[in-house]
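Written below as structure tokens is the structure these notes are about.
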Amino acid sequence: MIESMTGYGASERNGLKVEMRCVNHRFLDLNIKAPPFFLKHEIGIRNLIKTRFHRGHIDIYVTVAPESTCKISINKEFVKGLIHAVSAIKDEFHLRGEIDFAAILSFKEALVTEMSETPEDVIYEVFNEAIEKLEAMRQQEGQILLGEITSHLDAIDAALAGIREESLGAAERIFERTKSKLKELMDSIPVDDNRLLQEAALLAERYDISEEIQRIGSHLKQFRQNLADNDKIGRKLDFILQELNREANTITSKTDMYSVNALAVQLKAEIEKLREQVQNIQ
């Protein structure tokens, strides 16, 4: 299935949340923002993502809910010593009043905060789920792209068919026209007929676009075959489009027929639209 490079996927479990956002990029570019504890897992996660995606800039955000990683306990020895010291002060100076528990807790040493790490299996579970959701959205976007690409391919086929029809017999017409023109120009000069025919044939060949038409048809066939492969085809399709555009430019430079030029311009416009869509394919 064709994959777009645009998508979003997220997953959350045990206070760990992973969000992944992907946009177009020539290669696979991963940008991970995560808490310090994630550092030792980063290489493994990067390798996991590389097995699923091959192109696209992916921003990855890893966050952890504080309550899922913090465990707070009382420093009993410190509190016991503090209460004993306060009681001793009361007795020594004959002070009244109860010991203020809030005042005890205001000492930072009274409470101990322990940070617990998210288990590795949970990290990979959350990432796998986020990756699956991102992949599903990329595939969904890919199906929309496929519809648009097919529409542009049909338009290119139609323009090429028009060029083929308009250019039928063009080489022969150019040959006859050139031969007639040369005879007219050389009317008063003795010229070998074979030489005249040879020059006319060379000019007719120079303006012949049958090979360009044939190559465009071949490139379109190759494009559709790659499109059917549905696997890491973005760069291949982009290269084929470069070749298609080159052939279309050659047609516009070689032909002097208005109808063919108009169709060639239409052909180039559809190729450009197709290129815009292909830029978003993995």
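The set of residues from region 106-127 being in a helix (DSSP H, G or I) and either of a type in the set (A, V, I, L, M) or open to solvent by 50 Å² or more (accessible area, probe 1.4 Å) (or both) comprises LYS108, GLU109, ALA110, GLU120, ASP121, VAL122, ILE123, TYR124, GLU125, VAL126. Contact map, region 36-56: residues that are within 21 Å of GLN279 (Cβ to Cβ) paired with residues that are among the charged types (D, E, K, R) and part of a helix (DSSP H, G or I), Cβ distance under 9 Å, separation 6+ or inter-chain. Pairs shown: ARG52/GLU132; ARG52/GLU135; PHE53/GLU135; PHE53/ARG138; ARG55/ARG235; GLY56/ARG138. Scanning region 90-105 for residues that are in a helix (DSSP H, G or I), exposed (fewer than 11 other Cβ atoms within 10 Å of the Cβ) and over 60 Å from the mean Cα position of the chain (by Cα) returns ASP91, GLU92, PHE93. When region 1-28 is filtered for residues that are modelled with pLDDT of 95 or more, more than 10 Å from the chain's Cα centre (by Cα) and open to solvent by less than 70 Å² (accessible area, probe 1.4 Å), the ones remaining, listed by number, are GLY9, ALA10, SER11, VAL18, GLU19, MET20. Does ALA85 satisfy the criteria of being more than 59 Å from the chain's Cα centre (by Cα), open to solvent by 40 Å² or more (accessible area, probe 1.4 Å) and of a type in the set (Gly, Ala, Ser)? Yes; evaluated as a whole, the condition is true for this residue. With respect to the stated conditions, ILE74 fails to be β-branched (Val, Ile, Thr) and buried (at least 18 other Cβ atoms within 10 Å of the Cβ). Candidates in region 249-272 are the residues that are surrounded by fewer than 19 Cβ atoms within 10 Å (Cβ to Cβ) and of a type in the set (Asp, Glu); of these, the one that is modelled with the lowest pLDDT is ASP256.
ASP229 meets all of the listed conditions (1) farther than 26 Å from THR51 by Cα; (2) without any contact (Cβ under 8 Å) to a residue 60 or more places away in the chain but one, namely (1).
Answer with yes or no whether GLU132 is modelled with pLDDT of 80 or more and either in contact with a strand residue (DSSP E or B) (Cβ under 8 Å, 6 or more places away or on another chain) or surrounded by fewer than 11 Cβ atoms within 10 Å (Cβ to Cβ) (or both). Yes. Under the condition of being in a helix (DSSP H, G or I) and either free of Cβ contacts under 8 Å to residues at least 12 places away in the same chain or farther than 15 Å from THR150 by Cα (or both), the residues counted in region 273-282 number 1.
In summary, ASP208 fulfils each of the numbered conditions (1) in a helix (DSSP H, G or I); (2) surrounded by 15 or more Cβ atoms within 10 Å (Cβ to Cβ); (3) not polar (S, T, N, Q) with the single exception of condition (1).
The values are calculated or read from the model by the stated rules, or taken from the named source; none is laboratory data. Just so you know, these numbers come straight off a predicted model, no measurement behind them. Ideal geometry is used to build each Cβ from the backbone, glycine not excepted, and the neighbour counts take in all protein chains shown. Protein only, heavy atoms only, side chains kept; ligands, DNA and RNA dropped before computing areas. Shrake-Rupley method; radii C 1.70, N 1.55, O 1.52, S 1.80 Å.
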